[in-house]
Amino acid sequence: MPKANIRHRARIAALQALFELDATDHDLDAVMKRRLEEEQLPSDASEFFRQLVVGAWERRNEIDAVIVRAAPTWPLHQMPGVDKAILRIAIYELLFKTEEKAPVKAVINEAVELAKHFGSESSGRFVNGVLGSVVSQYS
């Protein structure tokens, strides 16, 4: 299976884990363990999944501040959970992930695809607009 496809599966699993963590008070390690058992990802994709979930979750306050600056008309608490989880993953990858950085365009395209697939009708445009704003503000 191509590396991009495996990373896509890891991002989907990360989206599901972050959505659950945000909506519940479940334990981070327990959520990740369950997702990895269900997904059966190869070891490199499992590691990528862990980096995304732990990185985005531990830095969510910093990431959320970036989202608020990039989408000032959308209060964070009113944002759909799926969109918020997708943005947290993408912003973590764009601004905070230091090793094996994916190209900016690839991160944004992946986030938009996830938003179109898992979010509402307008999620793809919303995620694309927020990430475009983030890239222009922070690059």
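Quick note: the coordinates plus some simple rules give every number you see, no bench work behind them. Everything numeric in this text was worked out from a predicted model, so none of it was measured. So basically every Cβ, Gly included, is an ideal-geometry build from the backbone, and we count neighbours across all protein chains shown.
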Exercise. At a Förster radius of 30 Å, what calculated FRET efficiency corresponds to the Cβ-Cβ distance of Arg125 and Ala30, to the nearest 0.05?
Worked result: 0.30
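Can you put His77, His26, His8 in order, fewest other beta carbons within 10 Å first? Write down the numbers at each step before the final one.
Working: His77 6, His26 12, His8 16.
Listing His77, His26, His8 from fewest to most nearby Cβ atoms yields His77, His26, His8.
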For this session: For segment 30-100, state which GluC sites (Glu not before Pro) are in a DSSP loop and have at most 12 other beta carbons lying within 10 Å of their beta carbon.
Result: Glu99, Glu100
Problem set entry | Whole-Hz ³J(HN,Hα) from phi, Karplus 6.51 cos²θ - 1.76 cosθ + 1.60, for segment 89-96, glycine and proline x | 5, 5, 5, 4, 5, 6, 10, 10
Problem set entry | Radius of gyration and maximum dimension Dmax of the chain, Cα, Å | 13.8, 41
Exercise. Among Phe96, Phe19, which comes first, second and so on when ranked by fewest other beta-carbon atoms within 10 Å?
Worked result: Phe96, Phe19
For this session: Find how many whole Å separate the alpha carbon centroid of segment 119-139 from the alpha carbon centroid of segment 56-76.
Result: 12
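Give, in nm to one decimal, the length gained when the segment between Gln137 and Thr73 is fully stretched (0.36 nm per residue of separation minus the Cα-Cα distance).
Result for the pair: 21.4 nm of gain on full extension.
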For this session: Sort Leu41, Leu76 so that the residue with the fewest other Cβ atoms within 10 Å of its own Cβ comes first and the one with the most comes last.
Result: Leu76, Leu41
